[in-house]
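For reference, the structure discussed in these notes is given below.
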Amino acid sequence: MIALEKVVHYSSDLTILYVEDDPNILARNEEVLQLFFKRVDLAVDGIEGLSKYKQMRASSGSDYDVVMTDILMPKMDGIDLCREIRLLNPDQSIVVLSAHSDAGSLFELINMGVQHYLLKPLAIEQLTETLYRVCKSIVDAQTLSIKTEEISRLNMQLEQKVQALNAAFHELEAMTRFKELFFASVTHDLRTPMNGILGMCDLLFQTELTPLQQEWVEKLKYSGNHMMQLMNDILDFSKIEAGSMEIERIAFELEGVLEYASDNLMMQVSKKNLELIFDIEPEVPSLLLGDPLRLSQVLLNLLSNAVKFTDRGYISLHVSCDKEWIYFEVQDTGIGMNAQQRAELFKDYHQASRSIGRQYGGTGLGLNIANRLIALMGGSIEVESEAGSGTSVRFMLPLLIPEESERRFYRVPSRRTMDKKVLIIDTHVKSAQVLEKKLHYFRAETLYAGTLEEALRLGGTQRYDLIFVQASQMGGVISPAQFLHKDGKLVLIIEAADLIHLPHYRYDGKIQKPVTIGTLYKLMAQLYEREQKKPLRQDERGKLHQYVGAKVLLAEDNVINQRVVTSFLKAVGIEATVVPDGQAALDLIERDGGFDLILMDIYMPILDGFSATRRLRERGVSTPIVALSGDSTETARKAAQECGMQGFLPKPIPVTLFYDTLALHLRA
């Protein structure tokens, strides 16, 4: 038997209409129903029952929760009452009572959807069990309805929020696109005059200059390059902020990345008389998988910062690896930082202090950009520094190696390059130590001396197979040749300041700082291998002698840039025809299509370079077209390729890249 408490738990807040024509049964059952329901209304026949049902609906706006009715009654029986109530509320819960088990009546009630049928006289067990099922079903349905309404309300709120977020996202997306286009446009507009400035500097270097004029032009070009770096920082920061910075994963040689960093830093390092040292562990693979451009950017940023804040001593880059990570450490002997400066180091637009910004220059974006690029490449960065004691910046990246790539840096040296007795003469101890470490790769026996005088004291009459000596120490009383065996080799250690005025003495080879295992390997092969390597690549202009008289069309609206590019072309004997826009280029090619190469600025009035190239390709013109643009973003490069251009030259145009590109496409 169902406990009464369980019935009351569900029925206590419900209402019931009880219809019964027998007054004794009506009174007896009313007493029981009052125990369960909040409200009990009575009717003695179907007509009165239907009337009270309608009154309840009219007065309260709701129906009875339960209707319990006898079947056989005067005026209107229970079956007709059920039928009328079902017309008003098809979901009404109805319990039917009857002293007869008439199969026909039962079948008719079932067809109406009545599910609860009790025989008289009522047993309390039957009544409580039926009321429990009915009331529980009603309460569960009400609860579900409330929850459904709540879910519906929450869904509506969620939908409104999603719509608001979508609108905000589209607005943000539009703003991001606008920001990218804005920065690309601004960058192009800034790079175009910078191309004129730096291009004119390159042209001035080709003329006869007095020492003072040479110094002025060098300072002008240095300032221009510094301006370019500031613009690049701003553009990169905007791309990272917009989430449009893409990281490549391609195979590249670490040696090339290090060479690029070294080439870009040598002028600064030379002016401050600093040592730049690259210490690469032998286990670091020569071939890596990743983004060489962004790695170069990070290294150049960190190394430039180190040079900027170091007035004496050295800057070193140490590279090592384990099975999963490759580690880079940039260390300097500069001004260092205190704890507060370290804590704020990677914040946007931050420099250690305003006075530092005035003294050393820069936007304060460089380290922030480096930090974000490292994170985009899957790595992390940390800094150790003390005020007045230099700085160490370490970062790590996932070690990714192309399939079937050897882990060692260079192939095993040949026997002819190994087991040499080597003397190193260098006033910079740390540089000499790194060179010694690299020579051990060739199983060399090494002796170090700071000067030729010290070498004489230490070695006495010893003779060496190979001597490395600073170029700046040549020409003194003591000649390094006196330490050599009969067939010994003399190698000059070249620093940035030595590149202009190499000593006029006999030597067998030279190696430029910072020394890497790659440059040392090439040197040893050059000195000892029977089949000599090809000499250093010829001057880029030398490649173009065979194209003297070639016809090049230049479409460029900026007069200064016209002068710069035509001067570059004239210097190698190439004829240039200049037009100010894309439409003029189309008209000229239609009249005279005999050009070997077209140099096409991207953004020009009347008709831009993209549209002009597209129309030329549609007309069947197959002449190679190279884009010129101050917008060097990946978007601009892809657009140039898609419209039919074969090459891309960013402004300001690097002279070497310009001539390399000319040679490539004129040959094609």
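The values are calculated or read from the model by the stated rules, or taken from the named source; none is laboratory data. These figures come from a predicted structure and were not determined experimentally. Here Cβ is always computed from backbone atoms with ideal geometry, including for glycine, and neighbour counts include all displayed protein chains. What goes into the accessible areas is simple: the full protein's heavy atoms, side chains included, and nothing from ligands, DNA or RNA. Shrake-Rupley method; radii C 1.70, N 1.55, O 1.52, S 1.80 Å.
Values as computed for the structure displayed
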item: Pairwise label distance in nanometres, E215 with A174, each label 7 Å out on the Cα-Cβ vector; result: 5.7
item: Per residue accessible area in Å² of the chain, where ligands, DNA and RNA are left out and the probe is 1.4 Å; result: 52
item: Theoretical FRET efficiency, 1/(1+(r/R0)^6), r = Cβ-Cβ of D508 and S389, R0 41 Å, to 0.05; result: 0.50
item: Spin-label pair S414/L72, simplified geometry with 7 Å Cα→Cβ offset, distance in nm; result: 12.4
item: For G313, residues with placed amide H under 5 Å, excluding near neighbours; result: E275
item: Computed over the chain: relative contact order in percent, which uses C-alpha pairs under 8 Å that are six or more apart; result: 9
item: Added length on full extension, which subtracts the Cα-Cα distance from 0.36 nm per residue, N111 to K161; result: 13.3 nm
item: Pairs beyond 18 Å (Cα-Cα), from K323/K513; K52/K75; K6/K120; K271/K651; K308/K430; K271/K308; result: K323/K513; K6/K120; K271/K651; K308/K430
item: Additional length obtainable on full extension of the chain from L87 to H9, 0.36 nm per residue less Cα span; result: 25.1 nm
item: For the stretch 565-661: rounded, prolate or oblate by the Cα gyration tensor [a/c cutoff 1.5]; result: oblate
item: The chain - percent of accessible surface contributed by carbon and sulfur, probe 1.4 Å; result: 53
item: J(HN,Hα) series, the stretch 59-72, from Karplus relation 6.51 cos²θ - 1.76 cosθ + 1.60, nearest Hz, glycine and proline x; result: 7, 10, x, 9, 9, 4, 6, 9, 10, 10, 9, 6, 8, 8
item: Of K221/K438; K438/K510; K219/K272, pairs whose Cα-Cα distance is over 25 Å; result: K221/K438
item: Crossing angle, helix 517-528 versus the chain [Cα axis fit, 0-90 degrees, rounded to tens]; result: 30
item: Estimated inter-spin distance, E30 and L144, nm [label 7 Å along Cα→Cβ]; result: 3.5
item: Cα-based helix-to-principal-axis angle, 634-643 vs the chain, degrees rounded to 10; result: 90
item: 12 Å Cα-Cα reach of K551 towards aspartates and glutamates, excluding residues that sit fewer than 8 places from it in its own chain; result: E575, D592, D596
item: Equivalent-ellipsoid semi-axes of the chain, from the Cα gyration tensor, Å, largest first; result: 90, 36, 23
item: For the stretch 238-333, the spread of Cα positions along each principal axis, largest first, Å; result: 37, 37, 19
item: R0 of 41 Å, Cβ-Cβ distance E634-K271: FRET efficiency to nearest 0.05; result: 0.75
item: The stretch 106-154: radius of gyration over Cα atoms, expressed as a fraction of 2.2 N^0.38 Å; result: 1.61
